[in-house]
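Enquirer: Starting off with a structure, shown below.
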Amino acid sequence: MKTLVVYLMAMPDTPALAEAAVEAGADMIELGFPFSDPLADGPLIRRAGERALAAGMRTARCLEVLAETRARVDVPLMPMTYASIFDAYGWAELERDARAAGATSLIVPDLPADVHPELRRVQLVAPTSTEERLRLAADATDGWLYLVTVTGTTGARAELAPTLAPLASRARAVTDLPLYAGFGISRGEHARAAAELTDGVVVGSAAVEAAEQGAAALAALVTELRAGLDDET
Amino acid sequence: MSATRTFGDYGGRYVPETLIPALDELEQAWTSLRDDASFQAELEELRNSYAGRPTPITLAPRFAPGQRVYLKREDLMHTGAHKLNNALGQVLIAQRLGKRRIIAETGAGQHGVATATVCARFGLECIVYMGSEDIRRQAPNVERMGLLGAEVRPVDFGTRTLKEATSEAIRDWIANVETTHYVIGSCVGPAPYPELVRELQRVIGREAREQFLAAEGRLPEAVVACVGGGSNAIGMFYDFIGDDGVRLIGVEAAGAASLGSGRGGVLHGARSSLLADADGQIMDAHSISAGLDYPGVGPEHAWLRDTGRAEYVACTDDEAVAAFHRLCETEGIVPALESSHALARALDCGDELVLVCLSGRGDKDLAEVLRREHE
Ligand SMILES: Cc1ncc(COP(=O)(O)O)c(C=O)c1O
């Protein structure tokens, strides 16, 4: 079985959406805590972040949403946020409070593996990563390794990036941990193709877009992605 | 010798992993080129024969009666601001790295013009990100960039100013890092940029220190520069840091005082002093001057503030506009609105012998100043 990770931006209705996603076949939820200047994100997630901030989703409120989500689903939950949020809250304090609220791990896309190494988190590697950096990230990562499929920011793309295949085999050479591919995966066929190369996929922008239309639209997307993944195995 | 990655608790590299190899490559290139005689000779030749260096210092007796205020005339350099010092150096480095696509962000448009200029000179593709609010208030520079063959990409979300333009430039770099060099316009961003930009702007203070000694037979009591991201200020200050008796005064826009009223935080790849709220969300800056309208500042300035070696003061829009007019009328020099902030505080800093960085000329600001006065 391949793993399906679904990204949702923290909003008041996220716990219900997360539940719908899990019922439709999501294996893990990545929960975005919005930041005003999200460098790794394309327009879709950036705009979702702007809306979340306008709706008052500051760090303390995001932690509440995390706890509410934890009460409804029992899959791994991973807050995804930026260094500035940690710097303001306190690095150790936010890790402690996030884990207390039910986080399984953390994802910080503007924090390379050698910066704040004491923060246990899922590390990201990219097509540009050198062998040395792949090894550094694989050794430091918490549970699985996040393969960024493209040189680029988040956002749906028409095709699965050709850069994933070489990255996946280079990563496989340095670790036995699960490899999940994310950035640009939005459809069942992408999920199927990515799953041939990795142990699972992360779906961000497409999930955020579907979630904005409600639980039914999100469940439909997750069902399609699930079918794409299961088709492969 | 390795490049400086942090200044006390500030600086560092808070960027997606995708960029790390490019930053390593830039750091290595810079570490070897800074001591490379042929590179330095090429840069020096371009500074002299193309950019118009050295720029003079000018005594401003009618502007500042009762003081001896000297202006370091970066406004006289080609393209009309200090920004060309940095763009020239970085494009030379990009060429050595084999990168033929150049991107930049710009606020006032001076850095965009400088980068577009050097790209035209070397036949490189140039794309400049600029907030739509800045495109409105700095229209002449947008037209200049077009003439120089650069593509100006409007950034139409968030603050629509320098902060968002910088974020979009970084996103472009993430997507095109293998072919592209990002010419960041100030001493901000992930390491090695703050140090690299400082070293390229140091020519301002190196020249000015010698010129001041030649003119006055002693060092100034105070050196004053405006601070947006902080590049003209760090370039001006750096060679005076060891001169204990010399006050270093950085002047921020009152509505963009990242050092005066900021807090520690992370923006655009570095930890520094920022306008941010208690949650680490970056706040909007406000300044009449597009080049100072930025909620962050170079990490080395945050460190110079904390160590006490430099002091940072504020200047309001009205005070800057008054100093702008005063320099026009008393000395026949039209300063940039950015530099006008430094001029205002030079007058009331309490010292007699003062050196001010006149970082740029004000042609780009005429429409904005006149519009404001007609309102
Ligand atoms: C003339 C001039 N001075 C100063 C600045 C502020 O930048 P920095 O603080 O990096 O010198 C700008 C920026 O656009 C400028 O155009």
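The values are calculated or read from the model by the stated rules, or taken from the named source; none is laboratory data. These numbers were taken from a predicted model, which means no experiment stands behind them. Here the Cβ is made from the backbone with ideal geometry for all residues, glycine too, and neighbour counts use every protein chain on show.
Enquirer: Does segment B:238-260 include one or more residues that are within 16 Å of the ligand (Cβ to nearest atom) and within 14 Å of chain A (Cβ to nearest Cβ)?
Expert: Yes, that holds for at least one residue.
Enquirer: Run down B:Gly98, B:Gly80 and say which single residue is exposed (fewer than 15 other Cβ atoms within 10 Å of the Cβ), away from chain A (no Cβ under 14 Å) and on the phi > 0 side of the Ramachandran plot. Reasoning before the result, please.
Expert: On the way: B:Gly80 fails: exposed (fewer than 15 other Cβ atoms within 10 Å of the Cβ).
None of the other options fit; the residue is B:Gly98.
Enquirer: Does A:Asp74 meet the test of being surrounded by fewer than 17 Cβ atoms within 10 Å (Cβ to Cβ), more than 14 Å from every other protein chain (Cβ to nearest Cβ), charged (D, E, K, R) and closer than 26 Å to A:Thr223 by Cα?
Expert: Answer is yes for this residue.
Enquirer: Here is a further query. For segment B:52-79: of the residues being over 19 Å from B:Val224 (Cα atoms) and in a helix (DSSP H, G or I), which is farthest from the ligand (Cβ to nearest atom)?
Expert: Taking the candidates together, the pick is B:His78.
Enquirer: Check segment B:292-311 and report whether any residue there is among the basic types (Lys, Arg), in contact (Cβ under 8 Å) with a residue 12 or more places away in the chain and away from the ligand (no atom under 13 Å from the Cβ).
Expert: The first filter runs over segment B:292-311 and keeps only residues among the basic types (Lys, Arg), leaving B:305, B:309.
Now drop any that are not in contact (Cβ under 8 Å) with a residue 12 or more places away in the chain, which leaves B:305, B:309.
Applying the additional criterion that residues be away from the ligand (no atom under 13 Å from the Cβ) yields B:305, B:309.
Yes, that holds for at least one residue.
Enquirer: Please give the number of the condition B:Phe63 fails out of (1) touching a Ser or Thr at 6+ places or on another chain (Cβ under 9 Å); (2) of a type outside the set (S, T, N, Q); (3) closer than 18 Å to B:Gly123 by Cβ.
Expert: That leaves (3) as the condition not met.
Enquirer: Can you confirm whether segment B:220-227 contains a residue that is free of Cβ contacts under 8 Å to residues at least 24 places away in the same chain, more than 14 Å from every other protein chain (Cβ to nearest Cβ) and more than 16 Å from the ligand (Cβ to nearest atom)?
Expert: Initially, segment B:220-227 is screened for residues free of Cβ contacts under 8 Å to residues at least 24 places away in the same chain, giving none.
No: segment B:220-227 contains no residue that is free of Cβ contacts under 8 Å to residues at least 24 places away in the same chain, more than 14 Å from every other protein chain (Cβ to nearest Cβ) and more than 16 Å from the ligand (Cβ to nearest atom).
Enquirer: Does A:Ala48 meet the test of being within 20 Å of A:Leu221 (Cα to Cα), within 14 Å of chain B (Cβ to nearest Cβ) and hydrophobic (A, V, I, L, M, F, W, C)?
Expert: Considered against the rule, which asks whether it is within 20 Å of A:Leu221 (Cα to Cα), within 14 Å of chain B (Cβ to nearest Cβ) and hydrophobic (A, V, I, L, M, F, W, C), A:Ala48 comes out as yes.
Enquirer: Going through segment B:106-132 one residue at a time, which ones are within 17 Å of B:Gly228 (Cβ to Cβ) and part of a helix (DSSP H, G or I)?
Expert: As a first pass, look at segment B:106-132 and keep what is within 17 Å of B:Gly228 (Cβ to Cβ): B:106-115, B:128-131.
Result: B:Gln110, B:His111, B:Gly112, B:Val113, B:Ala114, B:Thr115.
Enquirer: Anything in segment B:341-375 that is within 16 Å of the ligand (Cβ to nearest atom), in contact with a strand residue (DSSP E or B) (Cβ under 8 Å, 6 or more places away or on another chain) and either part of a helix (DSSP H, G or I) or among the basic types (Lys, Arg) (or both)? List them, or say none.
Expert: Listed by number, the residues that qualify are B:His341, B:Ala342, B:Leu343, B:Ala344, B:Arg345, B:Ala346, B:Arg361.
Enquirer: Restricting attention to segment B:91-115, and to residues there that are touching a residue at least 12 places away in the same chain (Cβ under 8 Å) and out of contact with any helix residue (DSSP H, G or I) (no Cβ under 7 Å at 6 or more places or on another chain), which single residue is farthest from the ligand (Cβ to nearest atom)? Show your work before the answer.
Expert: Going through segment B:91-115, the residues touching a residue at least 12 places away in the same chain (Cβ under 8 Å) turn out to be B:91-97, B:99-115.
Imposing the further condition that a residue be out of contact with any helix residue (DSSP H, G or I) (no Cβ under 7 Å at 6 or more places or on another chain) reduces the set to B:94, B:99-100.
Working: B:Ala94: 19, B:Lys99: 23, B:Arg100: 25 Å.
Here the residue is B:Arg100.
Enquirer: In segment B:131-145, what count of residues is obtained for those that are among the aliphatic types (A, V, I, L, M) and either touching a Lys or Arg at 6+ places or on another chain (Cβ under 7 Å) or touching a residue at least 40 places away in the same chain (Cβ under 8 Å) (or both)?
Expert: The initial filter retains those residues of segment B:131-145 that are among the aliphatic types (A, V, I, L, M), namely B:135, B:139, B:142, B:145.
The next check asks that each one be either touching a Lys or Arg at 6+ places or on another chain (Cβ under 7 Å) or touching a residue at least 40 places away in the same chain (Cβ under 8 Å) (or both); those that pass are B:139.
Looking only at that region, the number is 1.
Enquirer: Go through segment B:1-40 and report how many residues are in contact with an Asp or Glu (Cβ under 7 Å, 6 or more places away or on another chain) and part of a strand (DSSP E or B).
Expert: 1
Enquirer: Scan segment B:321-338 and tell me whether some residue there is more than 14 Å from chain A (Cβ to nearest Cβ), aromatic (Phe, Trp, Tyr) and either in contact with a helix residue (DSSP H, G or I) (Cβ under 7 Å, 6 or more places away or on another chain) or within 11 Å of the ligand (Cβ to nearest atom) (or both).
Expert: Yes - at least one qualifying residue is present in segment B:321-338.
Enquirer: With the structure loaded, tell me whether A:Ala138 is part of a helix (DSSP H, G or I), within 13 Å of another protein chain (Cβ to nearest Cβ) and not charged (D, E, K, R) or whether it fails that test.
Expert: Against the criterion (part of a helix (DSSP H, G or I), within 13 Å of another protein chain (Cβ to nearest Cβ) and not charged (D, E, K, R)), A:Ala138 qualifies.
Enquirer: With respect to B:Leu19, determine if the residue is outside the structural domain of B:Leu259 (by TED's automatic domain parsing), modelled with pLDDT of 95 or more, surrounded by 14 or more Cβ atoms within 10 Å (Cβ to Cβ) and closer than 30 Å to A:Gly182 by Cβ.
Expert: Yes, satisfied.
Enquirer: Out of B:Ala191, B:Ala208, which single residue is crowded, with 21+ Cβ neighbours inside 10 Å, within 16 Å of the ligand (Cβ to nearest atom) and either within 14 Å of chain A (Cβ to nearest Cβ) or assigned to a helix (DSSP H, G or I) (or both)?
Expert: B:Ala208
Enquirer: Let me ask something additional. For segment B:116-130, which positions are more than 16 Å from the ligand (Cβ to nearest atom) and either farther than 14 Å from B:Thr79 by Cβ or touching a Lys or Arg at 6+ places or on another chain (Cβ under 6 Å) (or both)?
Expert: If we filter segment B:116-130 for residues that are more than 16 Å from the ligand (Cβ to nearest atom), which is where we start, we get B:119-127.
Result: B:Phe122, B:Gly123, B:Leu124, B:Glu125, B:Ile127.
Enquirer: Could I ask something else about it? Scanning segment A:110-130 for residues that are assigned to a strand (DSSP E or B) and farther than 18 Å from B:Val266 by Cβ, which turns out farthest from the other protein chains (Cβ to nearest Cβ)?
Expert: If we take residues in segment A:110-130 being assigned to a strand (DSSP E or B) and farther than 18 Å from B:Val266 by Cβ, then A:Val122 is farthest from the other protein chains (Cβ to nearest Cβ).
So that you can scan it fast, the table gives a plain yes or no per residue for (1) among the hydroxyl-bearing types (Ser, Thr, Tyr); (2) in the same structural domain as B:Arg209 (by TED's automatic domain parsing):
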position	(1), (2)
B:Asp35	no, no
B:Ser38	yes, no
B:Thr58	yes, yes
B:Pro61	no, yes
B:Asp75	no, yes
